[in-house]
Amino acid sequence: MATVSLGVAQPPSLSEIRQLTHGGQNAEAYWSPDGKRLIFQSTRPPYSCDQMFVMNADGSDQHLVSTGKGQTTCGYFLPDNRHILYASTHAAGDACPKPPDRSKGYLWGVYGYDIFLATDAGKIETRLTDAPGYDAEATVNWKTGNIVYTSLASGDLDLWTMRPDGSGKKQLTSRAGYDGGAVFSRDGKKLVWRANYPKTPEDMAKYKSLLAENLTAPMKMELVVADADGRNARTITDFGCASFAPTFTPDGKKILFASNKHECDGRKFELFLINVDGTGLEQVTHFGGFTSFPEFAPDGKTLVFCSDREAKDRYEFNIFTAKWGK
């Protein structure tokens, strides 16, 4: 009897999973343009809060590239493969910022970060932002050189763009609420980001109250897609949960992201794939813990991500790579 294909597409799968870090809190690993290195943030001895590190794509040669002072976040390589940028609080003081008061729930601190340009060896060359308050969450489009980031310069957490030298700053979003974690499609024509737009007066009052204390609550986030200039923005998820860390697939047709959509108030996040118009949702991972911050290697064949998969401690998060395919 002939086999009849039902034409059901299988979700992408990960193979050859490799753990690159072992212990501590490691997150937000992003590729160099040549695919040979990764920049990531890590809390590990002797540092008591996140600093920026670079390692080879196989996990070797992990070394510090930030100052070792203050707290850093959101590192990224520039197109020349020889420079990096990251956000840091070190200009305001050597000490780590005070962690958020968790009695108010799970909160992120949006402290006085600024974005710095440095060599890949760690020598700071330029302070790219100097607006009061939070400037962070920067990513770079390697085709256009444009940088997108989140800033409090307008008084709200909005998306901005600038050139690699810090010039040409332009505000892209203005809707009340948090816009963050933005990334361009590879051709530089589209943006995707996470957003929390409070829907009720009570929610808006809470958002503004927390923001006045340099805090934000990240557990209600949806994904938004727009043109690279912020126009034609449309929300493509409506889970009522926390969906974040989106990244375009290499062809720009789908978005890979993390979400706790199966347990909205929980810490179990898996990776999901969705079309740019919000259709065709597929679950990619089933690890049962926290998995997030995916990014495709320049050749599109390998994925890097952060996970507590096989962690030995509750707050241990490691960097992994895996082959991507059907």
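The values are calculated or read from the model by the stated rules, or taken from the named source; none is laboratory data. Just so it is clear, the model here is predicted, and its values are computed rather than measured. Cβ: placed from backbone, ideal geometry, glycine included. Neighbour counts: every protein chain shown. SASA here: full protein model, heavy atoms, side chains in, ligands and nucleic acids out. Shrake-Rupley method; radii C 1.70, N 1.55, O 1.52, S 1.80 Å.
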Can you find a residue in the stretch 286-296 that is open to solvent by 40 Å² or more (accessible area, probe 1.4 Å) and touching a residue at least 24 places away in the same chain (Cβ under 8 Å)? no
Within the stretch 11-46, the residues that are part of a loop (DSSP other than H, G, I, E, B) and surrounded by 20 or more Cβ atoms within 10 Å (Cβ to Cβ) are Leu20, Thr21, Ser32
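Against the condition open to solvent by 20 Å² or more (accessible area, probe 1.4 Å), assigned to a loop (DSSP other than H, G, I, E, B) and not basic (Lys, Arg), how does Met204 come out, does it pass?
Details: open to solvent by 20 Å² or more (accessible area, probe 1.4 Å): yes; assigned to a loop (DSSP other than H, G, I, E, B): no; not basic (Lys, Arg): yes.
Spelling it out, it is not the case that Met204 is open to solvent by 20 Å² or more (accessible area, probe 1.4 Å), assigned to a loop (DSSP other than H, G, I, E, B) and not basic (Lys, Arg).
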Of all residues in the stretch 164-181, which are crowded, with 17+ Cβ neighbours inside 10 Å and of a type in the set (Ser, Thr, Tyr)? Thr173, Tyr178
Give the stretch 223-236 a look and list any residue that's open to solvent by less than 10 Å² (accessible area, probe 1.4 Å) and more than 19 Å from Trp108 (Cβ to Cβ), or say none. Val225, Ala226
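Collect the residues in the stretch 80-96 that are more than 20 Å from Met55 (Cβ to Cβ) and out of contact with any Gly (no Cβ under 6 Å at 6 or more places or on another chain), keeping them in residue-number order. Walk me through it before giving the result.
Residues of the stretch 80-96 that are more than 20 Å from Met55 (Cβ to Cβ), as a first pass: 89-96.
Ala91, Gly93, Asp94, Ala95, Cys96, listed by residue number.
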Does the stretch 250-265 hold any residues that are open to solvent by less than 10 Å² (accessible area, probe 1.4 Å) and either among the charged types (D, E, K, R) or part of a loop (DSSP other than H, G, I, E, B) (or both), and which are they? Asn260
I need the full set of residues from the stretch 297-326 which are open to solvent by 40 Å² or more (accessible area, probe 1.4 Å) and of a type in the set (Asp, Glu), in order please. Asp299, Glu310, Asp313
Between a residue in the stretch 218-242 that is at pLDDT below 95 and any residue that is small (Gly, Ala, Ser) and in a loop (DSSP other than H, G, I, E, B), which pairs come within a Cβ distance under 8 Å, given they are 6 or more apart or on different chains? Met219/Gly105; Lys220/Gly240
Pairs with Cβ under 7 Å, 6+ apart, first in the stretch 19-33 and within 14 Å of Arg44 (Cβ to Cβ) and of a type in the set (Val, Ile, Thr), second open to solvent by less than 30 Å² (accessible area, probe 1.4 Å) and outside any strand (DSSP E or B): Thr21/Gly59
Would you confirm whether any residue within the stretch 47-64 is more than 24 Å from Leu303 (Cα to Cα) and open to solvent by 60 Å² or more (accessible area, probe 1.4 Å)? yes
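Under the condition of being at pLDDT 95 or above and surrounded by 16 or more Cβ atoms within 10 Å (Cβ to Cβ), which residue from the stretch 105-123 is farthest from Lys189 (Cα to Cα)?
So the first thing to find is which residues in the stretch 105-123 are at pLDDT 95 or above, and the list is 113-123.
Then drop every residue that is not surrounded by 16 or more Cβ atoms within 10 Å (Cβ to Cβ), which leaves 113-118, 120, 122.
Values: Tyr113: 28, Asp114: 26, Ile115: 23, Phe116: 25, Leu117: 24, Ala118: 26, Asp120: 27, Gly122: 30 Å.
Selected residue: Gly122.
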